[in-house]
Every structure is written in structure tokens, then in C-alpha cells.
Amino acid sequence: MQTIGWAGTALASLGLALSATPAWSQAKSGTDYRNVISNNLSACAPGNGTGTMITITNISQSKGKLRIQAYRGVKSDWLEGGKWLNRIEVPARSGTMRVCMPLPGPGTYAIAVRHDLNGNGKTDLTEDGGGMSNNPSINLFNLGKPSYTKTRYTVGDRANSITIQMRYM
């Protein structure tokens, strides 16, 4: 099985849509999607509810934006346009960054990250980078969209931590 460049195939299938409907409070009902929220690290502190503290490594440059999106860890939602629960966008810093992704409640989730290097809001396959929860391998057979079973993880009634490694062409 041949492994290929992440950006070459994965970013096009990440489905990191640009439109959004703000309102984090709506996501708590468990039925609403497309909530743009800010990065508030204290939301992942003990006693502050369900969420995931995400450490993002290998960010190539302090340029452009990181877009982090949470999905339900189910086949019908994973990387489907408009089916993301919450999105956080932050200016990229090279090296390692941390973000806290609040989640609607205990359950199974998956995270997708995209580094939009030039900040144009579009996927530039030869420049932008990406990563996913559990750091699945990308190959010719999954065409850059690993199964939800390889990216999902379980969250209980308090915040947990994961690390996502960014990959570039």
C-alpha cells in the first residue's frame, strides 16, 4: 500500500466548508451543526464539561490560519460538508499549538485540521496541510478520506486530550 502526500488528496476531501451559523449554545442540543466558536483553553479545564484539548504538532509556518472542526464519529457525518459540529479558526504559529474544542456531551467524535497557508479560504493542494484525530495513514486506497472508524475517539463527561500531527506535501 503506497502512502501519498497528505495535502494532495486528503485536503480536498476534508469538507472544511466556509459557511457557518454561529451559536455554540445550539450545539449543546446535539442536533445542530456549523457552530463557529473561539479558542478558549479554559473550557477544557476540569469541571468545565465535555471537550477535547487538541495539541497540533508540526505546523510548518507562522502564516495563514488553522481551521479545526469537530464531527460526530459516525459514517454519515465524518467529513461531510456542513456536518461539522464546531469550528475554531486561529492564526497559525509554526511548531506546536493547542486548542480546546468544546463538545455537546459524552460520545464519539472525530477532529479534522487544515492549515490554510495563504488564508484564502480555499484548499490549495500543493501548499496547505492537514491532520486528523488518531493520525491515520493516508494512501491511494482511501483517497485521503480515512474511515470514521480510524479517526473517531470517545469522550466522557469531562475534557480529554489528543495530539494531531500536521502533514504537508
TODO: May I ask you to verify whether S76 is surrounded by fewer than 16 Cβ atoms within 10 Å (Cβ to Cβ), out of contact with any Leu (no Cβ under 6 Å at 6 or more places or on another chain), at pLDDT 95 or above and part of a loop (DSSP other than H, G, I, E, B)?
DONE: yes
Filtering segment 14-36 for residues that are in contact with a Pro (Cβ under 9 Å, 6 or more places away or on another chain), modelled with pLDDT of 90 or more and part of a loop (DSSP other than H, G, I, E, B) leaves a count of 1
Residue set A92, A70; condition farther than 18 Å from I162 by Cα, aliphatic (A, V, I, L, M) and out of contact with any Cys (no Cβ under 9 Å at 6 or more places or on another chain); output residue A92
Counted residues in segment 50-63 being more than 15 Å from N86 (Cα to Cα) and either free of Cβ contacts under 8 Å to residues at least 12 places away in the same chain or of a type outside the set (D, E, K, R) (or both) come to 8
The number of residues in segment 60-81 that are under 15 Å from the mean Cα position of the chain (by Cα) and of a type outside the set (V, I, T) is 13
Residues of segment 69-89 being touching a Lys or Arg at 6+ places or on another chain (Cβ under 7 Å) and among the aliphatic types (A, V, I, L, M), in sequence order, are L79, L85
Scanning segment 37-64 residue by residue, those crowded, with 17+ Cβ neighbours inside 10 Å and part of a strand (DSSP E or B) turn out to be I37, G51, T52, M53, I54, I56, I59
*asked:* Can you say whether T163 is surrounded by 14 or more Cβ atoms within 10 Å (Cβ to Cβ), β-branched (V, I, T), under 16 Å from Q69 (Cβ atoms) and touching a residue at least 40 places away in the same chain (Cβ under 8 Å), as far as the supplied structure shows?
replied: no
When K122 is run through (1) among the basic types (K, R); (2) surrounded by fewer than 19 Cβ atoms within 10 Å (Cβ to Cβ); (3) touching a Lys or Arg at 6+ places or on another chain (Cβ under 8 Å), the failure sits at (3)
Within segment 82-95, residues being surrounded by fewer than 18 Cβ atoms within 10 Å (Cβ to Cβ) and under 13 Å from the mean Cα position of the chain (by Cα) number 2
Within segment 121-151, of all residues that are of a type in the set (V, I, T) and modelled with pLDDT of 90 or more, the one nearest to K63 (Cα to Cα) is T151
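The values are calculated or read from the model by the stated rules, or taken from the named source; none is laboratory data. These numbers come from a predicted model, not from an experiment. Note that we place each Cβ from the backbone using ideal geometry, even for glycine, and neighbour counts take in every protein chain shown.
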